[in-house]
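Here the structure comes first, spelled out in structure tokens, and everything after it is commentary.
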Amino acid sequence: MTHPRANIGVVGLAVMGSNLARNLASREGNTVAIFNRSVEKTETLVAEHPEAGFIATRSYEEFAAALQKPRTAIIMVQAGRGTDAVIDALTEVFEPGDIIVDGGNALFTDTIRREKAVRETGINFVGAGISGGEEGALNGPSIMPGGSAEAWQTLGPILRSIAAVAEGEPCVTHVGTDGAGHFVKMIHNGIEYADMQLIAEAYDLLRRVGGIEPAEIAEIFAEWNRGELESYLIEITAEVLRQVDATTGKPLVDVILDQAGAKGTGAWTVQSALDLGVPVSGIAEAVFARSLSSKPAQRAAARDLPAGAEEWSVSDPEAFVEDVRRALYASKIIAYSQGFDAIVAGAEQYGWEIKKGEIAKIWRAGCIIRAQFLNRITEAYAADAELVALVTAPYFADAVAGALPSWRRIVAGAALGGIPTPTFASSLSYYDGLRADRLPAALVQGQRDFFGAHTYQRVDREGTFHTLWSGDRSEISAVDAH
Ligand code: 6PG
């Protein structure tokens, strides 16, 4: 090895890693060193893409020697124990001031732990969420890096060079320190789960209630994609519904087993939100809907249970389709509103300064949840940085208000018709809960005080109270009671 030539390295050359390495190599000013545990993958990538000018390395020592200082390496391996092994190997050959980036879907608490451990060696560790799948990695993903401001100095220009571009701005920003980037990527995935489930529920209603065939539903989604619902997920839904199975000639969606998989980031979002006390009910229902779908034994056992449903006959097909569209849009607003609530709570809990408007901006292109209405989210936070709930911002409040009659008709109709709409229904319920003048939480407090002397506050007086439920049941101050 003569003098080091690469300004960036990639470790892990499965599809995401290879594509990211090719993306990096295609940008002016980048020279990319690559390393993979099995050398065959490295050789194949070099052979298939001579134009990339990769510097192929066969050991971590060679990899480190190929990189200019501060050395910067992006790890693209399956999240989990493999990530720790690569980090350990890199810290052996890197020096203080160098930068290790984990571009996998790591759990943010792992990233916090790893950042702390690596920092002790003087090396920077950055957990970066990367969204956009294989295509995004190659042509421009949305990138959510955490880590130190120092690391961002070096990393920023490199990541900006490969990120997707929305209205002239690269879809990457320094999200916050340590695990902030992976936390925000996790929430992105949670919203992704909700968005996908909402679209699936809309499809189900159009098919089962509207009696519309997949190819025609594809056209409806394509039409929706020209309006306020414009988004990558709506666009690809039309593509999926258009697809015909080559062997049977049936719509592909009819021959795909109806059991949804999950790699875990949706569940992490819900687990984290439970810990933070943030009701991400839309996201949770989306995660649970996948779980329910993947219980074949239970579903087989329950198949003959009665529906007790009423016939839902659609008298005006066009109005029905429009009702579904509006219900979808309103529910989607709730999913994003809940997702941003989780970001706010996470930022507070972990001491991150996350700019919500910036997050919406970097989600406008490259990522799976890219959507036209993210501009509206940025505008909402620009108008009011302290906005307590996205759904209360004027644009979103108006959008939901306009959708309400449709939303209620759809959720009520689905309940009467025996069609599961867990995400539509829970989103509406959340909305009604949030706007309620009084909630039955007062009764829950009474119950808690009854069986556990858990105390309660009153609407008319300061203090903490406990009622002596046996005896004369007179109310006394909890302070006096203890
Ligand atoms: C992305 C995706 C990506 C991955 C999902 C799939 O932003 O590019 O979110 O990270 O495709 O994690 O998740 P499930 O397998 O759990 O659906």
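The values are calculated or read from the model by the stated rules, or taken from the named source; none is laboratory data. Computed from a predicted structure; not experimentally measured. All Cβ positions, glycine included, derive from the backbone under ideal geometry; neighbour counts span all protein chains shown. The accessibility values were calculated without ligands, DNA or RNA, using every heavy atom of the protein model including side chains. Shrake-Rupley method; radii C 1.70, N 1.55, O 1.52, S 1.80 Å.
Of note:
- Count - residues of region 24-51 that are part of a loop (DSSP other than H, G, I, E, B), under 28 Å from Ser142 (Cβ atoms) and polar (S, T, N, Q): 3
- Selection within region 207-252 - of a type outside the set (A, V, I, L, M), within 22 Å of the chain's Cα centre (by Cα) and in a loop (DSSP other than H, G, I, E, B): Asn225, Glu228, Glu230
Okay, residues lined up against (1) within 30 Å of Thr392 (Cα to Cα); (2) at pLDDT below 95:
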residue: Ala297; (1), (2): no, no
residue: Asp304; (1), (2): no, no
residue: Ala307; (1), (2): no, no
residue: Ser313; (1), (2): no, yes
residue: Pro317; (1), (2): no, no
residue: Val321; (1), (2): yes, no
residue: Leu328; (1), (2): yes, no
residue: Ala347; (1), (2): yes, no
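- Of the residues making up region 287-299, those that are away from the ligand (no atom under 16 Å from the Cβ) and either closer than 25 Å to Gly179 by Cβ or open to solvent by less than 60 Å² (accessible area, probe 1.4 Å) (or both) number 0.
- Within region 157-186, the set of residues being aliphatic (A, V, I, L, M) and away from the ligand (no atom under 15 Å from the Cβ) comprises Ile158, Leu159, Val165, Ala166, Ala180.
- Checking each residue in region 107-139 for being within 30 Å of Gly168 (Cα to Cα) and surrounded by 23 or more Cβ atoms within 10 Å (Cβ to Cβ) picks out Phe108, Asn124, Phe125, Val126, Gly127, Ala128, Gly129, Ile130, Ser131, Gly132, Gly136, Ala137.
- Residue check, Ile334 β-branched (Val, Ile, Thr), in a helix (DSSP H, G or I) and under 17 Å from the mean Cα position of the chain (by Cα): yes
- Contacts under 9 angstrom Cβ, first residue in region 207-222 being more than 19 Å from Leu233 (Cβ to Cβ), partner assigned to a loop (DSSP other than H, G, I, E, B), 6 or more apart: Arg208/Trp312; Arg208/Ile419; Val209/Trp312; Val209/Ser313; Val209/Val314; Val209/Ile419; Gly210/Val314; Gly211/Val314
- Checklist (1) touching a helix residue (DSSP H, G or I) at 6+ places or on another chain (Cβ under 6 Å); (2) open to solvent by 50 Å² or more (accessible area, probe 1.4 Å); (3) of a type outside the set (Phe, Trp, Tyr); (4) farther than 23 Å from Ile143 by Cα applied to Ala56, failing item: (2)
- Qualifying residue in region 90-99 (condition: in contact with a strand residue (DSSP E or B) (Cβ under 6 Å, 6 or more places away or on another chain), at pLDDT 95 or above and either hydroxyl-bearing (Ser, Thr, Tyr) or open to solvent by 10 Å² or more (accessible area, probe 1.4 Å) (or both)): no
- Residue count for region 253-286, restricted to those that are open to solvent by 50 Å² or more (accessible area, probe 1.4 Å) and in a helix (DSSP H, G or I): 7
- Residue ID - surrounded by the fewest Cβ atoms within 10 Å (Cβ to Cβ), chosen from residues in region 155-209 that are among the acidic types (Asp, Glu) and more than 22 Å from Asn139 (Cβ to Cβ): Asp204
- Count of region 160-185 residues which are farther than 20 Å from Val10 by Cβ, outside any loop (DSSP other than H, G, I, E, B) and not aliphatic (A, V, I, L, M): 2
- Inspection of region 332-352 finds a residue satisfying the criterion of being of a type outside the set (Lys, Arg), within 19 Å of Arg226 (Cα to Cα) and either surrounded by 14 or more Cβ atoms within 10 Å (Cβ to Cβ) or touching a residue at least 24 places away in the same chain (Cβ under 8 Å) (or both).
- Region 433-463 - residue that is open to solvent by less than 70 Å² (accessible area, probe 1.4 Å) and touching a helix residue (DSSP H, G or I) at 6+ places or on another chain (Cβ under 6 Å) and, of those, farthest from Pro279 (Cα to Cα): Thr455
- Look at (1) within 16 Å of the ligand (Cβ to nearest atom); (2) of a type outside the set (Asp, Glu); (3) out of contact with any Ser or Thr (no Cβ under 6 Å at 6 or more places or on another chain); (4) more than 19 Å from Ala202 (Cβ to Cβ) and you find that Cys367 fails only one, number (3).
- Among the numbered conditions (1) in contact with an Asp or Glu (Cβ under 8 Å, 6 or more places away or on another chain); (2) over 17 Å from Glu192 (Cα atoms), the only one that Ala371 does not meet is (2).
- The selection criterion, being out of contact with any Ser or Thr (no Cβ under 9 Å at 6 or more places or on another chain), closer than 30 Å to Ala309 by Cα and in a loop (DSSP other than H, G, I, E, B), holds for Leu439.
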